[in-house]
Number of protein chains: 2
Amino acid sequence: MFADRLHEKVLEFKNPTVLGLDPLYDYVPKSIRNSFVSECDAVYEYNKKMIDSLHEIIGIVKCQSAYYELLGPEGALLLKKTMDYAKSKQMIVILDCKRNDIGSTAEAYAEAYLGNGQYQADCITVNGYLGSDGITPFVKKCIEYGKGIYILVKTSNQSSFELQDLTLESGRMVYEQMAELVSAWGKSVIGRYGYSSVGAVVGATYPKQLESLRKSMTHIPFLVPGYGAQGGSAFDVKSAFDSNGNGAVINSSRGLLLAYKKQGMDHEQFDKAAIKEALLMKEQLNQHIVWEGLK
Amino acid sequence: MFADRLHEKVLEFKNPTVLGLDPLYDYVPKSIRNSFVSECDAVYEYNKKMIDSLHEIIGIVKCQSAYYELLGPEGALLLKKTMDYAKSKQMIVILDCKRNDIGSTAEAYAEAYLGNGQYQADCITVNGYLGSDGITPFVKKCIEYGKGIYILVKTSNQSSFELQDLTLESGRMVYEQMAELVSAWGKSVIGRYGYSSVGAVVGATYPKQLESLRKSMTHIPFLVPGYGAQGGSAFDVKSAFDSNGNGAVINSSRGLLLAYKKQGMDHEQFDKAAIKEALLMKEQLNQHIVWEGLK
């Protein structure tokens, strides 16, 4: 099942980092661009080089669907090929597509990405605004095919307060209520390490909320975006982990993809810069987090 | 701008119906299936026949992205071709994809579907759980390219109450707060008929909420799913319209696609059955709604 595979992958690599593969064409260096007529072929080459460079340091990749959809129908094939390539390197593949719908439409999404569809992600992100009708079809696929989902709870962006932080009559905030729904949805897919294949997205930019949700959502694993480029630090995300160092993975997209800029290296050296940055991120996470379960 | 084009299209056809093109391969009759090797080619032929049959009765089509994504990368091309074909028949094209993300990722989605991307929808559906950061990039495209969005407010499914109907400290429900956010987001794109290019999705299955939202969201047009197969009737949706009969479009997907079943006709007669059903739906809507603006 997904929860256990994810747990073991983090243990194997002693690294909860997720490589966020959000490739804008601008991120592809000239030498690769010049070798391909098609933008998608160039981006695929770039993605492969990122995966080749990092798959021995990072065990999990997250493809942000938007950047593939931006490339039109050919981008859909690029997405499939990128996910397949990452899987061929034994990486766990999360598709960040935040899908949401109801009934037979939710079933179609679930089948497309977690079932017998061509995309074959290990896990996708979903949005729970529609309630159980929008989530149950995905949970069923998690059970049937050993897949996973992460449901948006408290997102990393500045304006997430506008709806998510409103206080309900019950005294809870909207995101806390969503957290409670996620905990309930996750109960039917708990693995041998105590974590569910139904997880929550909680932003690195809200460390206090991260800490309190970690305490209340004891069996729910977190996917934490907002590290690096969005301002979240290793210190900020440490409370996403339980006392054994388990229960969270931390995504970095631009931090790794654009590492060459931060390090003042040439664009052509994007892969070497990414390796350096990935090792630094791993080290920083290990400094700030109590890795009992990983030592 | 989208709001005005939509308004004029409904007036032109004296029909606020939206043809929901959610084609499962099972919906395609044998004669078409047998003529094509590829599932996507068969579905494209089916979609074309539906559009050919109905484009003189119905002026708006809504493609449900999930059913195209289910067909893999080739489904992305099918989606583009279907939308292009509907536009070639002067239909307004809504892509129901409920996208949601923040910052540069939301910009990528907006560019992909409403900007210079290959898909070129007139309008897409989006989910506002993430707040302004997740909506502003789409609103900008609405202004720049004359496009539209519909934001989920109160969805048609049974479990929509789980989050959307919770009462806030302010006394409002969550969906009412979302409605208020949508009203604010829509203020910058109001057209000459008083309606915005930023609309709201409100289910036909909740007629009371539809009525009260129509009163509070005076400049926000509604996209109303849940008619027919999901149980909403012409009587249920009449309060979605303002006193001039404007301000809402009503989607029917399975009601039209599977009309042959309802009418006891042969599967091969799906197009003739759809025409009959579309005329009936138009008539029923016209019976129950005060069409001042349309007469």
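Residues A:VAL37, A:VAL43, A:VAL18: which one is over 30 Å from A:LYS187 (Cβ atoms), of a type in the set (A, V, I, L, M, F, W, C) and surrounded by 22 or more Cβ atoms within 10 Å (Cβ to Cβ)?
Sole residue among the options that is over 30 Å from A:LYS187 (Cβ atoms), of a type in the set (A, V, I, L, M, F, W, C) and surrounded by 22 or more Cβ atoms within 10 Å (Cβ to Cβ): A:VAL43.
Those residues that are touching a Phe, Trp or Tyr at 6+ places or on another chain (Cβ under 9 Å), part of a helix (DSSP H, G or I) and either among the hydroxyl-bearing types (Ser, Thr, Tyr) or under 11 Å from B:ASN251 (Cα atoms) (or both), I need them from segment B:210-235; list them, please.
None; the set is empty.
Regarding segment B:79-97, can at least one residue be identified that is closer than 26 Å to A:SER156 by Cα and either free of Cβ contacts under 8 Å to residues at least 24 places away in the same chain or buried (at least 24 other Cβ atoms within 10 Å of the Cβ) (or both)?
Yes, segment B:79-97 contains at least one residue that is closer than 26 Å to A:SER156 by Cα and either free of Cβ contacts under 8 Å to residues at least 24 places away in the same chain or buried (at least 24 other Cβ atoms within 10 Å of the Cβ) (or both).
Considering only residues that are free of Cβ contacts under 8 Å to residues at least 40 places away in the same chain and closer than 28 Å to B:GLU277 by Cα, look in segment B:194-209 and name the one that is surrounded by the fewest Cβ atoms within 10 Å (Cβ to Cβ).
Per the stated criteria, the residue is B:LYS208.
Which residue, of A:SER170, A:SER160, is facing another protein chain (nearest Cβ under 10 Å), among the hydroxyl-bearing types (Ser, Thr, Tyr), free of Cβ contacts under 8 Å to residues at least 60 places away in the same chain and not in a helix (DSSP H, G or I)?
Answer to the check: A:SER170.
In this structure, is B:ASP242 within 20 Å of B:PHE13 (Cα to Cα) and of a type in the set (Asp, Glu)?
Here the answer is yes, as B:ASP242 does meet what is asked.
State all residues of segment A:58-75 that are touching a Cys at 6+ places or on another chain (Cβ under 7 Å) and among the aliphatic types (A, V, I, L, M); if no residue qualifies, say none.
A:LEU71
Restricting to segment B:56-65, name every residue that is free of Cβ contacts under 8 Å to residues at least 40 places away in the same chain and either small (Gly, Ala, Ser) or buried (at least 19 other Cβ atoms within 10 Å of the Cβ) (or both).
Correct list: B:SER65 only.
Those residues that are assigned to a helix (DSSP H, G or I) and touching a residue at least 24 places away in the same chain (Cβ under 8 Å), I need them from segment B:1-24; list them, please.
Residues satisfying the conditions are B:PHE2, B:ALA3, B:ASP4, B:ARG5, B:LEU6, B:HIS7, B:LYS9, B:VAL10, B:LEU11, B:GLU12, B:PHE13.
Hey, does segment B:182-191 have a residue that's surrounded by 18 or more Cβ atoms within 10 Å (Cβ to Cβ) and at the interface with chain A (Cβ under 8 Å from one of its Cβ atoms)?
no
Select from segment A:102-121 the residues that are outside any helix (DSSP H, G or I) and in contact with a Lys or Arg (Cβ under 8 Å, 6 or more places away or on another chain) and list them in ascending order.
Scanning segment A:102-121 gives A:GLY115, A:GLN118, A:TYR119, A:GLN120, A:ALA121.
Out of segment B:99-145, which residues are free of Cβ contacts under 8 Å to residues at least 12 places away in the same chain and either more than 10 Å from every other protein chain (Cβ to nearest Cβ) or within 19 Å of the chain's Cα centre (by Cα) (or both)?
B:ALA112
Are any residues in segment A:146-185 over 19 Å from B:SER160 (Cβ atoms), over 19 Å from the mean Cα position of the chain (by Cα) and of a type in the set (Gly, Ala, Ser), and if so, which ones?
A:SER159, A:GLY171
With respect to the numbered conditions (1) over 21 Å from the mean Cα position of the chain (by Cα); (2) part of a loop (DSSP other than H, G, I, E, B); (3) not small (Gly, Ala, Ser), which one is the sole condition not fulfilled by A:ASP242?
(1)
Take the residues in segment B:146-157 that are more than 11 Å from chain A (Cβ to nearest Cβ) and in a loop (DSSP other than H, G, I, E, B); name whichever of them is surrounded by the fewest Cβ atoms within 10 Å (Cβ to Cβ).
Ranking the candidates gives B:GLY146 first.
Only residues that are among the acidic types (Asp, Glu) and crowded, with 17+ Cβ neighbours inside 10 Å: list them for segment A:158-170, please.
A:GLU162
The conditions are (1) among the β-branched types (Val, Ile, Thr); (2) within 14 Å of chain B (Cβ to nearest Cβ); (3) in a loop (DSSP other than H, G, I, E, B), and A:VAL201 fails exactly one of them. Which is it?
A:VAL201 satisfies all of (1) among the β-branched types (Val, Ile, Thr); (2) within 14 Å of chain B (Cβ to nearest Cβ); (3) in a loop (DSSP other than H, G, I, E, B) except (3).
Values in this text are rule-based calculations from the coordinates and carry no lab data. Everything quoted here is computed from the prediction, not taken from an experiment. Cβ coordinates were reconstructed from backbone atoms using ideal geometry, including for glycine residues, and neighbour counts include every protein chain displayed.
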